[in-house]
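Below is one structure; the comments refer to it alone.
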Protein chains: 2
Amino acid sequence: MPDPFASTDDTRTASPLPHAKAAVFDGPIRLELGGELPMVRCAYETWGTLNEDASNAVLVCHAISGDSHVARHAPDDAPGWWDRLIGPGKFVDTDRFFVVCPNVLGGCRGTTGPSDIAPNREPDAHPYGAEFPRITIGDMVSIQRLLAKELGIEKWRAIVGGSLGGHQALTWVSRYPESVECCVAIATSPRLTAQALAFDVIGRNAIQTDPAFADGQYYDKPNRPDTGLAIARMLGHVTYLSSEAMEQKFDPDRHDPREIVSSFEQRFSVGSYLAHQGEKFTTRFDANSYVTLSMAMDLFDLGANRLALMETFDESVCDFLIVSFSSDWLFTPGQSRDIVDALTALDKRVTYAEITSNAGHDSFLMDQCIDQYGPLVQAKLGRIDAEEPKINTAEELILELIPDSASVLDLGCGSGRLLSALKRHGKDRVVGVEVAQEKILAAAARGLDVIDYDLNHGLSAFIDKQFDVVVLSATLQAVANVEALFDEMLRVGKRVIVSFANFAYRELREDYVERGRSPRAPGVFDYDWYNTPNRRFPSIADVEDLCRVKKVTIHHSVFIETDTRKLIDPNNDPNLNADTAILVLSRD
Amino acid sequence: MPDPFASTDDTRTASPLPHAKAAVFDGPIRLELGGELPMVRCAYETWGTLNEDASNAVLVCHAISGDSHVARHAPDDAPGWWDRLIGPGKFVDTDRFFVVCPNVLGGCRGTTGPSDIAPNREPDAHPYGAEFPRITIGDMVSIQRLLAKELGIEKWRAIVGGSLGGHQALTWVSRYPESVECCVAIATSPRLTAQALAFDVIGRNAIQTDPAFADGQYYDKPNRPDTGLAIARMLGHVTYLSSEAMEQKFDPDRHDPREIVSSFEQRFSVGSYLAHQGEKFTTRFDANSYVTLSMAMDLFDLGANRLALMETFDESVCDFLIVSFSSDWLFTPGQSRDIVDALTALDKRVTYAEITSNAGHDSFLMDQCIDQYGPLVQAKLGRIDAEEPKINTAEELILELIPDSASVLDLGCGSGRLLSALKRHGKDRVVGVEVAQEKILAAAARGLDVIDYDLNHGLSAFIDKQFDVVVLSATLQAVANVEALFDEMLRVGKRVIVSFANFAYRELREDYVERGRSPRAPGVFDYDWYNTPNRRFPSIADVEDLCRVKKVTIHHSVFIETDTRKLIDPNNDPNLNADTAILVLSRD
């Protein structure tokens, strides 16, 4: 077999990585924007073993400057760029899964790209350079699809990608929905913001106006557009970090630049850092590849609004895990949420967590962040380490009120106590919504579909009558806009179950009357007036009044004294005698 | 008199503006970083008339790419860059004030800069170019000081500046405290963030690595470093806009670039816009000036932390107005707050407003924003259009409790009702804190010192025992962390006055007992349980309990029934009979 990397003539770029294998696909390979390639070589690495029915394959997609070396192959191997996530016994366990990571089309780490000699052009053979056809994320995915076929993989157990890798994962799902069981898209977006586009445009301008760029045919020239490429990389670097992270990194020695040899300004420590990063990049990356890949990213567009995104994902049948980072201003949490909102409205299975991190876009590659989202990836892949939680009296009663086959949305689901119980009881479609990150991560690590969502912003992600039952259990006390939330719950759920502590319960009334103090309820209300996180203190009568005012039907009421687990008869003044009420409501 | 602009040899840059006058200062002018200039020409424009005692002069300082033309001189004149703010009858009223706006040292719009022929070098005369000495914001201010002397101005009634202009205004105050009565610093900072530094470094790298830069001596060459300068300007432009503003501006026609002739990429509408802005800039600005001014800005540093900033402003005696914009990520609201916190701790007179705007750093030049902060500038200059507000019963009683000469901090001051009354009653040092923007602007337009501040973040800006009296009037109900705020109030005030509605008031108790509903108090509590913005509902006994727990001394209590304006005797169960209490507290 001829060496598939043989056509690479450049030692600086396109050098094969030590563990890379290559698949060669004869063409013509037609490209999305009209061009074609006579052949494509795809460099890739693999870990683990494909099982007999080829059901354990995981595709990992890399970011703009990444490559196929996502994890080490042996303990003494060079670490991969996602080594913390992937490996034997790790979150993506290579003892269980067959992991495949290809270099992208247009890149310069083994897969066909602009620095390759264009075949079929002898005797005038020269690298593609800027003649390399314009490609899209869709074209990258097409090549990955050919690779899958070659490896005997019809369906990926999961596709995992961050940043530009996430764009590839999402494109797979939208184009080949039957080929993906689980899509993990991290620190990514449905398209670029105008601001992110602007930075890319400026970076490409720096490369293309560098006199050494020579219209992209610099490979046989003494100089390369290293200055332009370095400037583009410096700019990229700033967008990968948050302002806060830069402050922490560069302020302590603001005026003491690192000692480096550079033609770039080194006055400030951030200046010498960027100069170093920029110059280092030119030794391992090809300018034409950078232009090609960044243009593919800029053209990537799954839809500008929810309707368009709903069309994009309409046919998808996979389980989604979407993760964003609070300080990522390149691919913002809001953009991940746009994807999640579309999936939610389509009633797809999706878990979404926005992880608090000050490391910016780079968070997705950092160990402490991987340790937070890793268990979520692991759970989506079927391994759950967390213990099953126990439910309380009120939750037991709620469980009894929910019909067997009902789909359920639990608002303020915490770490998923009620959701887990619903799943144990055979409910197939249960979704939780929570705003506290710790609880979201705990629920998601249990394999529950939980969405990072602030109830105070309404339930706009959900469509009318999407769930048989919407539950608001022991959460009412923390809701700022109760009226709007009632409207929203009644819009989204065919039935709504609200459980809440009764502030006119005998013991609490006595606080005001006998002690002249504001009441101090047990359980979720176990706080003093001055330190409670709660802000709403209604009685049963108050909530019933609100239902009357808002023309909401109360179908059923359960009143309890939780301490004694005693049900209070509706005729025995529950507003005085019950400490907790559960109401079943609807709009009709 | 010889033409002071005669030494300018360049028609593209350094061309005198139509209304610019020039002052020439013979040197050697020694510079802060050790260099010197044999002479400096300062171009400036003026509006209005200097009065007899030279007490009505206002200095306006421009931003990095600005010039002396801040306002039009006649109705048919070209508009200035701050035309909405400055002019006859405007917020800075040129019928009342003598306004002076000089071009900065190192610039290219009339004042001495790198494109000027270096004097005293005949016969080998050539422009300074990159040999122009490194300058600082302090050097710019020194030249402005020479100009002030020349114009017969010893003390500025005010110095007003935005962005780099704000840096100049703050430098004036820190170096020549006796020369400034009022400092208006808008969209500015005490230094650059590492992120802002990074963008400047990248911009300068683009200029300095442009082969046409020729080490700064390009003036007699056929080409100029227009490519590098354009890329630096494109980058600057992105930092002047917010991501949201860019989305609104460029997304509707994302793929339809403007039709421009450009050597830069025009694929996306944002690309063609930036190309146009970048190229336009090269026709009016000199690359060496850009390098010189951006480096001066990068070296600007009034202090990295509050202690350093306190030293910087220790000697200042002026009145401060600091304004920031919510979406400004170049000079962030947090950076303005750093200045404000230092001034606050020094007990300087300061008003601070963070204006909600999605236009980013550019907000400071936009009409709708100027209309918001303009009245604040006007008030600081002594003209107040707003009516005096009336105070209510509880506020009258608070007023009586405050000694004549006391300094007062009013937490949650609203639009300044109590503060205005305190000023009317002769209190000299009264400061308000408020978080609602509309109220801050209203209070500041009344000429009150009010600071945009969220009480839930503590009072860390204030020092121990800074005020004789700290007032928390009808605000307790909205405070999330009551305990921390009590600690903070008692730290900052020698005495603390807290007024609050009593939730154990007879009528409210009856709500629970007789109606079984959560109480609905009048006044600030005039809401239903489900829509109140309030979150704390204590009784008088509750607050007294808290004082006991926290070992706070209650020196004096006033209990009232506000409807009847009746005082309730302390022995007549005020916890039942008073709807409002006023407590005077201290830690000793």
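The values are calculated or read from the model by the stated rules, or taken from the named source; none is laboratory data. Everything quoted here is computed from the prediction, not taken from an experiment. Note that each Cβ is placed from the backbone with ideal geometry, even for glycine, and that neighbours are counted across all protein chains shown. For accessibility, only protein heavy atoms count, side chains too; no ligands or nucleic acids. Shrake-Rupley method; radii C 1.70, N 1.55, O 1.52, S 1.80 Å.
Can you give the longest stretch of chain B with no exposed loop site, where a site means GluC sites (Glu not before Pro) in a DSSP loop (not H, G, I, E or B) with at most 11 other C-beta atoms within 10 Å? By the stated rule (loop sites, at most 11 other Cβ atoms within 10 Å), B:53-258. The amide H of residue B:566, built 1.01 Å from its N in the peptide plane, has B:561 as neighbours under 5 Å, considering only residues 5 or more places off or on other chains.
Restricting the calculation to alpha carbons of the stretch A:200-294 gives Rg and Dmax of 14.0, 44 angstrom.
Hull volume per residue, based on the alpha-carbon atoms of the stretch B:393-586 and their convex hull, is 119 Å³.
Which percent of the accessible area of the stretch B:199-294 is formed by carbon and sulfur heavy atoms (probe 1.4 angstrom)? The nonpolar share, carbon plus sulfur, comes to 48 percent. On the principal axes of its alpha-carbon atoms, the stretch B:52-205 has extents of 48, 42, 36 Å, going from largest to smallest. Take every DSSP beta bridge whose two residues both sit in the protein assembly as shown; close to 40 percent of them are antiparallel.
Within the accessible area of the stretch A:297-361, the carbon and sulfur atoms contribute 48%, probe 1.4 Å, all protein chains present. Just give the residues from the stretch B:189-207 buried by at least 50 square angstrom of accessible area in the all-chains context relative to the isolated chain, probe 1.4 Å, and say none if nothing qualifies. Residues of the stretch B:189-207 that lose at least 50 Å² of accessible area once the other chains are added: B:191, B:194, B:195, B:197, B:201, B:202, B:205. Projecting the alpha carbon convex hull of the protein assembly as shown along each direction and taking the average yields 51.5 nm². Plainly put, the tip 7 Å out from Cα toward Cβ on residue B:55 is 9.1 nm from that tip on each other copy, the closest given first.
Solvent exposure of the stretch B:393-586, expressed per residue, is 38 Å² of accessible area, with all protein chains present and a 1.4 angstrom probe. Across the alpha-carbon set of the stretch A:52-117, the Rg to Rh ratio works out to 1.03, Rh being the Kirkwood radius. Lysine pairs in the stretch A:393-586 whose alpha-carbon atoms fall under 28 angstrom of each other, counting only those eight or more residues apart or on distinct chains, come to 15. Have a look at the DSSP beta bridges in chain B and tell me what percent are antiparallel, nearest 5. Given both bridge residues lie in chain B, the antiparallel proportion sits at roughly 40 percent. How would the stretch A:299-394 be classified by its alpha-carbon gyration tensor: rounded, prolate or oblate, with rounded meaning a/c under 1.5 and the a/b versus b/c comparison settling the rest? Oblate, since a/c reaches 1.5 and b/c is not below a/b. The stretch between residue B:393 and residue B:284 holds 33.1 nm of extra length on full extension. This uses 0.36 nm per residue minus the Cα-Cα distance.
Separation of the stretch B:549-588 from the stretch B:11-89 is 59 Å, based on Cα centroids. The phi torsions of the stretch B:571-588, fed into the Karplus equation with coefficients 6.51, -1.76 and 1.60 and a -60° offset, translate into couplings of 8, 9, 6, x, 5, 9, 9, 9, 8, 9, 10, 10, 10, 9, 10, 7, 7, 9 Hz, rounded to whole numbers, with Gly and Pro shown as x.
Based on alpha-carbon atoms, the Kirkwood radius and the radius of gyration of chain A give Rg/Rh equal to 1.06.
When the solvent-accessible area of the stretch A:393-586 is split by element, carbon and sulfur atoms take up 47 percent of it, the probe being 1.4 Å. In the stretch B:36-149, what % of DSSP beta bridges are antiparallel (nearest 5)? If we restrict to bridges inside the stretch B:36-149, about 50 percent are antiparallel. When both the stretch B:392-466 and the stretch B:477-509 are represented by their alpha-carbon centers, they are found 16 Å apart.
Interface B-A: total buried accessible area of about 6400 Å², 1.4 Å probe, protein heavy atoms only. Relative contact order of the stretch A:393-586, taken over Cα pairs closer than 8 Å and 6 or more residues apart, is 19 percent. Here the relative contact order of chain A, from alpha carbon pairs under 8 Å that lie six or more residues apart, stands at 10 percent.
Against the criterion of solvent-accessible heavy-atom surface with a 1.4 angstrom probe, B:460, A:324 sort, most first, into B:460, A:324.
I need the calculated FRET efficiency for the pair residue B:385 and residue B:562, taking r as the beta carbon distance and R₀ as 22 Å, to the nearest 0.05. For residue B:385 and residue B:562, the calculated efficiency is 0.10.
Using a probe of 1.4 Å, the accessible surface attributed to residue B:473 totals some 20 Å² when neighbouring protein chains are kept in position. Select from the stretch B:473-496 all residues whose loss of accessible area on going from the chain by itself to the full protein assembly reaches 30 Å² or more (probe 1.4 Å). Correct list: B:483.
Note on the stretch A:312-346 and the stretch A:103-181: Cα centroid distance 23 Å, given to the nearest whole angstrom. Each other copy places its own label point for residue A:252 at 4.9 nm from this one, sorted shortest first, where the point lies 7 Å along the Cα-to-beta carbon line. Based on protein heavy atoms only, the stretch B:199-294 ends up with 36 Å² per residue of surface accessible to a 1.4 Å probe.
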